[in-house]
Every structure is written in C-alpha cells, then in structure tokens.
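A.B. asks: There's a structure below that I have some questions on.
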Amino acid sequence: MGNIIIYQGNRLEDLADHLGGLMHMKRQQEFSLEPDVVLVNNYEMSQWLTIRVAESQGICANVRFRLFGSFAWELVQGMICQTDEVDIMTRESFRWLVFRCLQETAEGLEEAEFAELAGYIAGQGASGLYYLSNQLADLFDRYLNYRVDMLSQWDEGREPDNHGWQPEFWRMLSGMTGGGLRAIRLRQLIERLRSDDPSLGIPRSIYLFGVSCLPPLHLDILSALSGRAEIHMFVLSPCREYWLDTVSERKRAALKKSMDPAMVDGLFPSGNRLLSSLGYAGRSFLARLYGFPLVEGRDFFRSHEGDVGCPTLLASIQDDILNLRQQGDEDGGRGMVRGADSSIRIFSCHSRLREVEVLHDQLVHLFETCRDLQPHEILVMAPSIEEYASTVQAVFGAAPEERRIPFSIADLGLREADPVTRAFLSVFSAPLEDITGPGMMDILSQPCIMRRFGLDQEELSILRHWIRQSGIRRGIGTLTNSTEVKQNSWTFGLDRLFLSACMDHGEYWEERRIMPVDFPLEGGNAGLLACLSGFFFGLVEFSESVHSVGSRTPDDWFALFRRILEDFISEDLEDDNAAVHLLERLTLLVQAMRDAGVDKLDFETICTVLQDELGRPSPPRAFVSGNVLFSSLVPMRSIPFRVICLLGMNDVDFPRRPDIPAFDLMAGDWRPGDRIPREEDRYLFLETLISARERLLISYVGRREQDDTVQNPAVVVSELIDCIDAGFVMEDGRRPSEHLCIHHPLQPFSTRYLERTALDRGLISYASEWKPVNRNGMLVSKGDPPEFCPEPIPLSEEETEALNAVAPWQIANFFGNPARSFLKNRLSINVYQEEDALEKEEPFRIAGEVEEIFLKTLTGLDPGQIDSKTALISSLLRKVFLQAKARGLLPVEPMASILWERKEQKDFIPFIEKKLAVFKVPGRAASIDRLFRPQGAPEIKVTGNIGKTGQGGGLLEYRLKVYHSHRMAFWIKHLLLMIGVGPEHEDLKSVIATGGTDVVVRTVPEQDAMKFFDTLLSYYVDGLLRPLPFFPAASLEFAKNKKPKDRNSEPESDAVALEKAFRRIQGRYPGRISDRWTGYLYRYRLSMLEKVLREPEFKNLSMAVCGPFLDYLVKGR
C-alpha cells in the first residue's frame, strides 16, 4: 500500500469539507473532466456527503459515489469479463443460485451427507428451501469475503472431515456458475492490477470516505489499487492519541489474574473507559490498516476547549474520548455537571408508545427553547425502526397543528412504507378457500383499491352494513370446501342483495330458501352493489387462476403481478408512481431468478418470497430531508446531527444478537478481521456518542406495563451511566445519574406531570389533551365543550314540503328517541354505523333479530286461517324458522334445529299460549289522514297506518321486552287512534302485550287527544330544528315521581325527581350515558347533560309529554 493517504478526524463534517477541497484542487491541477470516484459504505452517506460538499464548495458535480463492492465489480467487468457476462454472483442472484441448487439436489438430500439439510427443510415446510437458501447465501457470501482460502481448498477437493456437507454443496454451486464466481473474478482482478499492463483505465485518484470496516478481500483489492492510483482514505476516529493498545477494564482485570498487575498497567493502559470498552471494532480495523505502509495525511481532530461558555456533559465526554483521558481516575479530579445541563438525557418508559410520546414532548420542548433548531438537524434511531414505524405515525402524525413536527421514516421496506405494495400483497395472498367478510373488506378498504373501483369512505361504510345485514361470513359458494352448506357464504349474501335490488319481496323465498335483505337497493345503491360484486368476482377469478397451477415459472408469476397492478390498483398519479416503483422491484426480483436459472416456484414459496423481498429496506431516495429523520441504527452511517435520539435501547435489543446457523464454520474458527456484529454495534454506539453535536437523548423500556417490574437498559447505556457517575459530580454533590436518568409514568395523563417540581425533574408534557396546563405549568380547567347545536337549523324547502305527508311512525319514533331522530334524520349521523365488527364465523347461536321476525310474523297472521292453537303454533314457528334460515341468522344444521327447539320451548311457545289466549291475533290496520294546525308551528298532515288493532278496537302490539322508548312511541300512536276513531268508542284500550307486565292505555276523549297531540306536534317541529331536551327514560322517571301512582301520595320534590331521572339516564353503568345517541349529542359528558336536566325546559317538557300518558296509563307503569 504505497499510495494510500489516510486522514483521520473526530468530526465527519471536517473530513467532508477537506474531501471537497481536495477534489476541487485536484481538478484544477489536472484539468480533468473525468468524474471523481468516492467510495462509501452506504447510499445514505453519499447523500449526506453530496449536500455537505455542495455547502462547502458551492457545488458538488461530476462525482461518482459507489459502494466498494460495486466499484470492484465494475472493474472486474471492464478488465476481466471481456464479453457481456452476466453477473451471476450479485447478492440477489447468488441467493437464487443457492435456491436452484437446493431444488435440483432435493432428491439427493436423503443421502447421509445431506441429512442435516433434509431435516431442516422437512421442519420448515414448502417454503423451507427459500429460508435455507437465504441462510446459505449469507453464509457463503461471508466465506467469499473472509474464507477464500477455505473455498480454494474445497475446490481442490481438500477439506477437513468436520466440514460436513458444505464442501460438496459448494462444488455444486461452482459447477453451476462455470467459473464465474465473484471471489474468483476478484482474485483475477487483484492479479491484473498487480501486473505491468499500463492500459487498465484506473482513475488517478480514488477517495474512501467514512469506511470503518473492510473484509480482507477488499483490503487486498485496495492494496492492489494503490499501485495504480492515489488512494485518499477518510476515517472517522474518536481519539487523536494512539489508542490501539487500550483494553477494557474487564479484560484488564482478567489479565491481572495471570500477569503482574504493574506489567498489565504498562502494556495495556485503560485510557478512557468508554473508548476501551466500546471501541474494539474500530481498533481492530485501524490495527489492520496500520499493518500496511500508509502515508499519514492531515489530522482533523477538534475539541470543545475553545468553545464559548462552560462545556456541557456531552462535550466533556467527547473531549475525554478525544484526548484518551478519564475523569475521576488517580491522576485527575471529577468533572462538574451543572443543574441546567440537559445535553444527555436517559428516559425510562413503560412501552414503545410511551417512548415515542416522551420523545415528541422532548422535541417540542427543544423547538420552544432552541429557536434556531431546525427539524433536519434531528436524527432519531432505533435498533429496528420498523418496530416503531406505526407508533411514530400515530404519535407524530396525529399531533395537533401547534405541536406538529415534520418527520420522515427511512429504512422501511415497501411493505411498510407503501400503501400500494400492501394492497398488492393483500390481493395476491388472499385466501381463496376461506375468504371472510372482514378479510375481503380489509382488501377493499386499501385506498388505492377503493379509488380503482370508485369508492369513498361513506360508500365503504354502506358496503360494510350490507355485508353485515346480508349474513356474509366466510367462503365463496360454501362455508368450507368440505361442506355443501351455502348459508352465510359470499354467494349467499350477494344473492340476497341482488334479490333485493332486482325483485319484489314476495314469498318465493320458501322455494329458494333465501330471502332478500330488508332494505331496498335502488338507484345509486344498485351501482354500488355492482362495484362490490365486480371486485369480489374479480378477486375470486384472480385467486382461482393463481391456484389453478401448482408451480409456475418466474415469467408466469410476473405476468400475474402485472395483472394485479392493472386490475386492482388505481391509475391516479400518486398510485401509478408507486406502482411503477413496485414493478421495478418485482422486475429485479424476477430477473435475479432468471439469471440464476430458477425454473419453477409454487404459490407458498412465492408468497414467502414477496413478503421477504418487499419487506427489505430499499435504497433511500431522500434519506437526508428537511424533516426530523427516523432510521435504524446502521454501522458506518454515523452522520452528525445537532440532536440525536436513540429509541429502544433495551438490554435484550441492543447490541443486537444475530442468529448464527449451527452449520456456520466461521463461528468456531475466529480470525483477525472477522466481523463481530455485537462489537460493531458497540462501536456504533460510540460513533453515535461522538456524532451528537448538542444533545443526546436515549430512551428504553425500563418497566413492564403489566406489573411495573424494573428492566435493564442496553449494556452500552449502563456503561455510559457508570462512566458518568465515576467521572463527574453534580453541583449539589449528587450523582449525575440522578439528574440525567428520568423515569416517566405509565400514562401520559399521570398527575406527576402536574407537580410543581415536574419540570425540574425533567418530566415534560405538552399534550394538553391529557394534561391541560398553561405555559407556567399551572392547571387550567378545560370546562365543557360548546353545545352541539347552539342555534336552530332551519328546515329546507324539501323538508318543509315533507311536513305535508308525515307518517305516524315518524312522529312515534321521534318521541321514542328525539336525539336519534335529530342526528340521523337531520344531520345524517349514525353513531352505530361502525359499532359492530364484521363477523368471520357462521352463527353459533340464534341471533337477536330472530325475535323481531317472530313478533312481525305473529302480528301478520290472518285470524281466519287459524284452525286451532296447535296449528297456529306449528305454522307460525315453522315460518319463523325458515325465514331465519333464509336470512342466515341461525347456525348450520344440526345445531340450528337443536337450539331452535330450546328457543321454542323457553320463549316462543309460552308467549303464544299466554298472550294469544287473552288478546288474540291483531286484526285490521288502523290509519289516519288528517291535517293538523299546531300552535306556533306550520301545518302538518299526518297520513298512513297507525298500527294493528285488537278485538276491542284498541291498538295491539306484541313485544318480548318493552322499553321506555316503546312506551312513548305507543302513546303517540294511541292518541292518533283516538283522533281517528272519534267519539264512537268510549271504552277502548290499547295494549302492548309483553313477556312480563303488559302496557295498557285507556281511552282518551277525542278533544283531549287533539289537545295533547297538537302540543306534541309543536315539540316535534321544534325537535326538527334543534336537539330537544326530552329523554324518554329520564323524562318518564321524572314525571312518575311528580305524578305518583297512588293519588293520595305526595309527589317528590324537584330535586329528588331530578336525581332519580339523572340516575335513570346512566342505566346500569353509573358514570356514563347509557344511550349512545344522547351521549353523542352531549359529548358523553354527564356534566353537560346534568345542566340540561336542571333547566326548566326539561321539567316542562317531561310533564307536558309524559304527564298525560301517565294519567291514562292503566297498567305497565
């Protein structure tokens, strides 16, 4: 290595500035237009370096950034491969070459020498070959870089007995490539570079930047290149002193047991504790470099000693590492940490969510206190950012505008980062045999698929409602392939929907054993149904074509990939760009299969391949952006930032512990220069420590959510804390760890954030939705939110016109629940729309809707067709049973018949025998058609059926259970009946026959009925304009206490009556509003509702509506 110049520094930006100046000077000296070649270890470093050089030199142009391995292979293709030889040994192609070798030798795996492989594949299933090929590809790739001599012995047929099946397998791979193995080509490149051939076309200067680890093969290539070009190597080094002979305290203690302690102190100085403990990987690399003749270039080490003001704790630690000194040792005193020093903070939290919430609060605090801090100057890293991506999106993405922090997440695969890729995978892997209602809607709800089929969120909610109401659970034509049961399958539900859209609701269902749904599908709904069926049958057709052939060639699979993008993905610009990027990745994947000669793959394997390939991080397009950057902890990517935050620094997660296969021959044969991932992570932490310019924030899960058990941080964090405690002291004499380690509570709304000393103890929270405080940290009462509808909403012309034809059921339903009527009818708000999740299993019990069918069928019976009670019961229950089955409300047979018989004996038959004997079957339907002129309201024409009447002429309804809303609705219909029949019936009673106590209302004189109903109509119109403070359960409770059943009893006071009404509105669960509609209207705040109940209007309304009802109520109070 004669022409290698090494530049070292502890600040990457200084090295980058010198690199830019050096390239500029070389261009001016040589007047060359050839691009400069800069070798880096990752794409992210090249992006940062481009920006930094442009800032220092004004422009960064005509520079080729390459990874070392890619540059070496470019030289191979230019010097060794004179023809267009395919690069079969790229990482992707090599993986598939190993897969192909395993495929072709699958029959031979039963031989004794391959027994280990056979057992592994058998345990992994059909996709075992792919998993094994990944492990073997990684393993042989390490052999190619670190054990070339061993591979050469294998090629010659010389291998130790303990190498097992690997030499034979390697020779199979070598035979498939025909001598095109990368290691062989790279060795040929080294020989060619060391030859006397002057016409090789090597650049005059090559720059290596930020590389802190190279395998022996690459070092040999670098040595050969140094004879042809001038190599400038820029190395980030934490220390300006000679530190290669330092060892950790742990190793020094071990050496002192076998050697003289004084000799150990002389030969192996400890220097700085953090440097000696965490710097093994850096020492090892520098030691190997110093084994060659190097030219020492200019050093770029810089300390904080000349900075203005007192150095912070972070700056002091960085200077100690730089100068190879340790605070608090025998030769020096301990450093002082000021109480206001927040350069290093370590947060202990209870979960990943709390880590991100605490981080967000800390960054908001930093932006508020450091006005010149910009988002792009903050880096957040985690051992695996994929595990934090969804939490970061939830916390940072949902923050209110005043606390919104722009952010971007790097190092995510397309599967995590791209919605189009997730939609692609969901369509491709859709389970044909057992596709459920929720599963289908999860696919359809992907935004790009919704746009492809012209759906919006409101229409998607409608489709969910249809699927729930049509009884769709799982299966295409039958529940499973092993049964002929069609009930609750997709075709069963779609048939019900199409019957409702195309045919009337006749009795043909008894022949087909299927009923239309209970709601009409007309107009735009028909088009929506067409979208649903088009998507469903398109997906089924695609899935059937995928599963129709056991295995396919890579090109055949690629054709299916394109079909998904064409048939299911939107062509909007954003989706189309993402689809193009996805198609590029899929093209590279299929090309690697072709290059390796892979013949066929089955469905299970290709699914595994797609999940794995699209889950891998792709080269970032904009790693360095203007946002707070989230990324994974990656070696040799220690880019400097003003603020660096580390998440997930848990003992079990960092340093990372890679899974080492049992057949890895390098594990038991360590050599100098071999990679040690655990030591690389420790050195990465050290590089991160020296790359933070102003703040270093570290968080970890320090306590279990379940039982508050203490959990340890990562060992590197513990070492940092121990080093600080040993070398520094607080101004008040405390240990620094008591100041910099902050233990956050389990919940963000903990009262600990409200304590006066919270800010002094580092407990910062800006989430006013959890903790409403002002800028001084004082608690502020949020109070109740504003009224839902402070001003009346005028009726439109169409709504006013609708008052000319109001059906009785509309007025009855209004007084049954005014809040529901106002929200649903005036504002189109349905609070139950997303309440119930879609079911994915067929019913295993009798659904509640069956009782409604029973009552409806009972009410609709024709008395003249009933010969006997036995015939009535038999025909009625048989009809209900068949209707319930035709709607998909019963379990499959034989469970349906068993449960139905129990239901008959327990509920239905006793109800029929008890109630029909007294009230008989309802007879004719009563109706009304009359114009009303209520005082203070427009004219209203009430027209339509009121309900069916019993033998006495009064209304007759059957209900297994009756609620207060039923009572109020029944009172409205009873008044309309009294108005409609006139004075001809003096003793007419209306009845709700229930499973318990019946509700009986006596005759109301026509004149009184008109007066009561005019008043109710005025309230009805008022309730159309604004929320009416009338709540059936609470109002009836208040009226009952003011009008006791015993006329001789004293009525309760207003306070007592209101208290009982307030309890009634809470139902069985005190502390919350039982009715969802009322809760939505009053923000689920009992305090708001209590204010309404204490207003005079509630009392007046309750007495005006419920008072007359109680006066004429005979039974069922």
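All of the numbers you see were taken from the coordinates with simple rules; none came from a lab. Quantities reported herein were computed from a predicted structural model and do not represent experimental measurements. Cβ atoms come from the backbone with ideal geometry, glycine included; neighbour counts cover every protein chain shown.
A.B. asks: About the Cα centre of the chain, what is the dipole size in debye to 20, counting +1 per Lys and Arg Cβ and -1 per Asp and Glu Cβ, all else neutral?
C.D. replies: Dipole of the chain, to the nearest 20 debye: 3840 debye.
A.B. asks: Between ARG403 and ALA253, with labels modelled 7 Å along Cα→Cβ, what's the label distance in nm to one decimal, could you check?
C.D. replies: 4.4
A.B. asks: Distance between Cα centroids, the range 1035-1095 to the range 340-386: provide it in whole Å.
C.D. replies: Going from one Cα centre to the other spans 48 Å.
A.B. asks: When only Cα pairs under 8 Å and 6 or more residues apart are kept, what is the percent relative contact order across the chain?
C.D. replies: For the chain, the relative contact order is 13 percent.
A.B. asks: Note the full-extension length gain between ASP372 and GLU522 as 0.36 nm times their separation in residues minus their Cα-Cα distance, in nm to one decimal.
C.D. replies: This chain segment gains 47.9 nm when fully extended.
A.B. asks: Then there is this: Given a Förster radius of 25 Å and the C-beta distance between SER390 and GLN611 as r, what FRET efficiency does 1/(1 + (r/R0)^6) yield to the nearest 0.05?
C.D. replies: 0.90
A.B. asks: What's the angle, to the nearest 10 degrees (0 to 90), between helix 677-691's Cα axis and the longest principal axis of the chain?
C.D. replies: Around 90 degrees separate the two axes.
A.B. asks: Turning to a different aspect of this structure: Could you work out how far apart the two model spin labels at ARG158 and GLN77 are, taking each label as a point 7 Å from the Cα in the direction of the beta carbon, and quote it in nm?
C.D. replies: 3.5
A.B. asks: Turning to a different aspect of this structure: Among the DSSP beta bridges whose two residues both lie in the chain, what percent are antiparallel, rounded to the nearest 5?
C.D. replies: Among the beta bridges of the chain, antiparallel pairing accounts for roughly 30 percent.
A.B. asks: If you don't mind, there's one more thing I want to ask. Order these by the 10 Å Cβ neighbour count, fewest first: HIS232, HIS974.
C.D. replies: Lowest count first: HIS232, HIS974.
A.B. asks: Quick check on the exposure proxy: order ILE51, ILE644, ILE846 from fewest to most C-beta atoms within 10 angstrom.
C.D. replies: Least to most surrounded, the residues fall as ILE51, ILE846, ILE644.
A.B. asks: May I pose another question? Along each of the three principal axes of the Cα atoms of the range 992-1117, give the extent in whole Å, ordering the values from largest to smallest.
C.D. replies: 41, 32, 32
A.B. asks: Follow-up question, since we're still on this one. State the three equivalent ellipsoid semi-axes of the range 415-613, derived from the C-alpha gyration tensor as the square roots of 5 times its eigenvalues, in descending order and whole Å.
C.D. replies: Ellipsoid half-lengths, sorted descending, are 35, 20, 12 Å.
A.B. asks: Helix-derived [θ] at 222 nm for the chain: sum -39500 (n - 2.57) over DSSP H runs of at least 4, divide by residue count, nearest 500?
C.D. replies: Result for the chain, helices only: -14500 deg cm²/dmol.
A.B. asks: With r defined as the distance between the Cβ atoms of ASN804 and ASP1046 and R0 fixed at 45 Å, what FRET efficiency is calculated, to the nearest 0.05?
C.D. replies: According to the calculation, E is roughly 0.50.
A.B. asks: Next question, about the same structure. Taking the Cα centre as origin and putting +1 on Lys and Arg beta-carbons and -1 on Asp and Glu beta-carbons, what dipole magnitude results for the range 415-613, to the nearest 20 debye?
C.D. replies: It works out to roughly 380 debye.
A.B. asks: Calculate the dipole size of the range 216-257 relative to its Cα centre from +1 charges on Lys and Arg beta carbons and -1 charges on Asp and Glu beta carbons; express the result in debye to the nearest 20.
C.D. replies: The dipole of the range 216-257 has a size of about 400 debye.
A.B. asks: Note the angle between two axes, namely the Cα long axis of helix 1032-1042 and the longest principal axis of the Cα atoms of the chain, as a number of degrees from 0 to 90, rounded to the nearest 10.
C.D. replies: Roughly 50 degrees, rounded to the nearest 10.
A.B. asks: Sticking with this one: Among PRO516, LEU956, TYR1112, whose Cα sits farthest toward the positive end of the charge dipole of the chain (+1 at Cβ of Lys/Arg, -1 at Cβ of Asp/Glu, about the Cα centre)?
C.D. replies: Selected residue: TYR1112.
A.B. asks: Hey, with R₀ at 56 Å, roughly what FRET efficiency would SER737 and ARG1094 work out to, going by the Cβ-Cβ distance, to 0.05?
C.D. replies: The pair SER737/ARG1094 has a calculated efficiency of 0.50.
A.B. asks: Mind ranking 53-59, 997-1003 by how tightly packed they are, going by the mean number of other C-beta atoms within 10 angstrom, highest first?
C.D. replies: Highest mean packing first, the order is 997-1003, 53-59.
A.B. asks: Still on this model: Using +1 at the Cβ of each Lys and Arg and -1 at the Cβ of each Asp and Glu in the chain, identify which of ALA886, LEU432, ALA224 lies farthest towards the dipole's positive end.
C.D. replies: About the Cα centre, the residue reaching furthest to the positive side is ALA886.
A.B. asks: Ok, one more. Give me the number: length gained by fully extending TRP670 to ARG1002, i.e. 0.36 nm times residue separation minus the C-alpha to C-alpha distance, one decimal in nm.
C.D. replies: 109.7 nm
A.B. asks: Going toward the positive end of the dipole of the chain, with +1 on Lys and Arg Cβ and -1 on Asp and Glu Cβ, which of GLY297, ILE898, VAL652 do you reach last?
C.D. replies: ILE898
A.B. asks: Next up: Starting with the highest mean, order 559-565, 444-450, 365-371 by the number of other Cβ atoms within 10 Å, averaged over the residues of each peptide.
C.D. replies: 444-450, 559-565, 365-371
A.B. asks: Take peptides 681-691, 394-404, 648-658 and line them up by average Cβ neighbours within 10 Å, highest first, as a rough protection proxy.
C.D. replies: 681-691, 648-658, 394-404
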